[in-house]
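The values are calculated or read from the model by the stated rules, or taken from the named source; none is laboratory data. Here the structure is a predicted model, which means the values were calculated and not measured. All Cβ positions, glycine included, derive from the backbone under ideal geometry; neighbour counts span all protein chains shown.
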Amino acid sequence: MATAVDREPADGESGALVGKLAAQTAQRIEASVIRQGWPVGESLGSETDLRDWLGVSRAVLREAVRLVEHHQVARMRRGPGGGLIVSAPDAGPATRAMVIYLEYVGTSVTDLLQARQLLEPIAAGLAADRITEEGIATLRTALESELAHWDDPSVHSQDPLHPVLGQLSGNPVLHLFIDVLTRLTARYAHLSRRISKAEMHAAKETSHREHKAVVDAVIADDGARAQTELSLHLESVAGWIEKHRVRRGQRISGNVVEPELAEGPRAKLAEVVAARIHDDIAARGWQTGMVLGSETDLLARYEISRAVLREAVRLLEYHSVARMRRGPGGGLVVTEPEPQASIDTMALFLEYQGVTADDLRIVRNAIELGIVARVTARHAQGDTEVAERLAKAVRWTTEGPADDPRKADLFHSELAALADNPVLSLFLAIITELFRRHASGQDRPLPGDAAADEVRHVHQRILDAILQGDAGVARHRMRRHLDALIPWWH
Ligand SMILES: [Zn+2]
Ligand SMILES: [Zn+2]
């Protein structure tokens, strides 16, 4: 029985406000799913129950449910026995969100290979430590499929071994990140200039031989050798791409959404349409401010109903890809994408995957230690920006606004920005968000509130080592700092 009065949005509840309240409400629903241990198949309650619990209008709840559905955290089931049912997300939306954002900010193949060099050898080492009979069979199948694709026109597009090693590492963060990095590198390899058949076969032979060396080491439980072999292989891939690409630092571009990502078995029509509009925006070079067409134009172009278009537009607005402008001269306008929606999607997917403290520690260490080394080198080369920006970020640890829960993160995000690699910045932001959401799901305050002075002191010590050009000590202090954060993850 409904106790709350069925209220349509009040006059003051504008579209923008509904959107903001809906995003907050979606986060509350998602935090509750996390707190309950992600019980797939269980009901979170009927629409009436949810409105009673959350204290929001019907318009806000419906919008929040759309976001929760978009994240694949839960789905509304209509009819008797219905309600908001917890679901099992797949990697599709998370991967897509990450690829779209990285393409927009202009990621180069150098950025991708740098990130791969930080993460993939670790995955190979972990895979060797925990290899099973089943894993051995999976590795051998991956190697054989390379021989089957011998005449494929691109060397590194059929490179299934890398994601397989990510999967066998048993670390869901590594698995997802390596998957994204391999996909993006493959898209880049497609853009290289025409290569002769003989050259192609020689490259495939080299690649296959190097893969086999990695696999042999993993099967022999030799983690150290697996790491070395994979690292050498990535150097060889980097050398090959360097030789064959069109020009240095070329940006990745082209179709943003691969069909299998956009049209997974559970993708709703609105999601598919949103992905298509995305592609059209990217194909036109992502011109912020450009009008893609009026609502009438779009209905005709995509041959869909008004309801589907409006839902697709809400998704595009949520990812700040495009915005519907009303009135004369209005229409769907291209906007500048914001990473936050992608970060949220990724963090939720990883939370569902049951990421452990150790999984996070391993990936965060690899990324942050790689960043510290790069920033130390940048400062040593005489870049004055490093000292200025980091000193400000250190002060922010204690002097930032009292109600800013992320003020202690600024030091880390500034370091990542100074490393000048958008892939590393995004990965670090995802890990930080995961940490924050997990803590709020457990109703635990994050460190920094209680220990801000101490954290500031540690940040200062890391900065001192960077400014002295002592990469070893800077990395050591960062590692100790990160180890101290881990007890907060439960
Ligand atoms: Zn490879
Ligand atoms: Zn810190």
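Identify, by number, the condition in (1) surrounded by 20 or more Cβ atoms within 10 Å (Cβ to Cβ); (2) more than 14 Å from the chain's Cα centre (by Cα) that residue 101 doesn't meet.
With respect to (1) surrounded by 20 or more Cβ atoms within 10 Å (Cβ to Cβ); (2) more than 14 Å from the chain's Cα centre (by Cα), residue 101 is out only on (2).
Return the total of residues in the stretch 352-382 being modelled with pLDDT of 90 or more and either within 14 Å of residue 420 (Cβ to Cβ) or of a type in the set (Val, Ile, Thr) (or both).
14
Testing residue 79 on (1) loosely packed, with under 15 Cβ neighbours inside 10 Å; (2) within 20 Å of residue 172 (Cβ to Cβ), one condition comes back false. Which one is that?
(2)
Could you say whether any residue in the stretch 317-325 is exposed (fewer than 15 other Cβ atoms within 10 Å of the Cβ) and touching a helix residue (DSSP H, G or I) at 6+ places or on another chain (Cβ under 6 Å)?
yes
Output yes when any residue across the stretch 205-228 is free of Cβ contacts under 8 Å to residues at least 24 places away in the same chain, more than 21 Å from residue 147 (Cβ to Cβ), out of contact with any strand residue (DSSP E or B) (no Cβ under 7 Å at 6 or more places or on another chain) and within 14 Å of ligand 1 (Cβ to nearest atom), and no when none is.
no
Residue 4 - would you say it is at pLDDT below 85 and farther than 26 Å from residue 269 by Cβ?
Working: at pLDDT below 85: yes; farther than 26 Å from residue 269 by Cβ: yes.
Yes.
Which members of the stretch 34-75 meet the condition of being among the β-branched types (Val, Ile, Thr), part of a loop (DSSP other than H, G, I, E, B) and surrounded by 19 or more Cβ atoms within 10 Å (Cβ to Cβ)?
Initial filter on the stretch 34-75 (among the β-branched types (Val, Ile, Thr)): 34, 40, 48, 56, 60, 65, 68, 73.
So of that shortlist, the ones also part of a loop (DSSP other than H, G, I, E, B) come out as 40, 56, 73.
Result: 56, 73.
I'd like the residue in the stretch 311-340 that is in a helix (DSSP H, G or I) and within 17 Å of residue 280 (Cβ to Cβ) and, out of all such residues, is modelled with the lowest pLDDT.
315
Taking the stretch 464-486 only, how many residues are more than 25 Å from the chain's Cα centre (by Cα) and of a type outside the set (Val, Ile, Thr)? Before the answer, list the steps.
Our first condition is that a residue be more than 25 Å from the chain's Cα centre (by Cα); within the stretch 464-486, this holds for 464-474, 476-477, 480.
From what is left, the residues that are of a type outside the set (Val, Ile, Thr) are 464-465, 467-472, 474, 476-477, 480.
Going through the stretch 464-486 one residue at a time, the tally reaches 12.
Looking at (1) modelled with pLDDT under 85; (2) surrounded by fewer than 15 Cβ atoms within 10 Å (Cβ to Cβ); (3) more than 16 Å from ligand 2 (Cβ to nearest atom), find the lone condition where residue 445 falls short.
(3)
Does at least one position in the stretch 455-477 carry a residue that is in a helix (DSSP H, G or I), within 20 Å of residue 403 (Cα to Cα) and either at pLDDT below 65 or more than 14 Å from ligand 2 (Cβ to nearest atom) (or both)? Give the steps one after another, and end with the answer.
Quick first cut of the stretch 455-477, residues in a helix (DSSP H, G or I) only: 455-467, 471-477.
Remaining after also requiring within 20 Å of residue 403 (Cα to Cα): 455-456.
Narrowing further to those that are either at pLDDT below 65 or more than 14 Å from ligand 2 (Cβ to nearest atom) (or both): none.
The answer is no; no qualifying residue exists.
Out of all the residues in the stretch 341-374, which are aliphatic (A, V, I, L, M), in a helix (DSSP H, G or I) and out of contact with any Asp or Glu (no Cβ under 9 Å at 6 or more places or on another chain)? Walk me through how you get there before you give the answer.
Step one: filter the stretch 341-374 for residues aliphatic (A, V, I, L, M), giving 341, 343, 346-348, 350, 355, 357, 360, 362-363, 366-367, 369, 371-373.
Remaining after also requiring in a helix (DSSP H, G or I): 341, 343, 346-348, 350, 357, 360, 362-363, 366-367, 369, 371-373.
Those that are aliphatic (A, V, I, L, M), in a helix (DSSP H, G or I) and out of contact with any Asp or Glu (no Cβ under 9 Å at 6 or more places or on another chain): 341, 357, 360, 362, 363, 366, 367, 369, 371, 372, 373.
Any chance you could count how many residues in the stretch 235-293 are of a type in the set (Asp, Glu) and either modelled with pLDDT under 50 or touching a Cys at 6+ places or on another chain (Cβ under 9 Å) (or both)?
Going residue by residue through the stretch 235-293, those that are of a type in the set (Asp, Glu) are 235, 242, 258, 260, 263, 271, 279-280.
Going one step further and asking which of them are either modelled with pLDDT under 50 or touching a Cys at 6+ places or on another chain (Cβ under 9 Å) (or both), we end up with 258, 260, 263.
Residues that pass the stated criteria total 3.
Can you find even one residue in the stretch 144-157 that is of a type in the set (Val, Ile, Thr), modelled with pLDDT of 85 or more and within 14 Å of ligand 1 (Cβ to nearest atom)?
No.
Within the stretch 384-397, can one find any residue that is in contact (Cβ under 8 Å) with a residue 12 or more places away in the chain and outside any helix (DSSP H, G or I)?
Looking through the stretch 384-397, none of the residues is in contact (Cβ under 8 Å) with a residue 12 or more places away in the chain and outside any helix (DSSP H, G or I).
Hey, can you tell me all the residues within the stretch 399-413 that are farther than 17 Å from residue 485 by Cβ and part of a helix (DSSP H, G or I)? Even if it seems obvious, please write down each step before you answer.
Residues of the stretch 399-413 farther than 17 Å from residue 485 by Cβ: 399-404.
Across the stretch 399-413, the qualifying residue is only 399.
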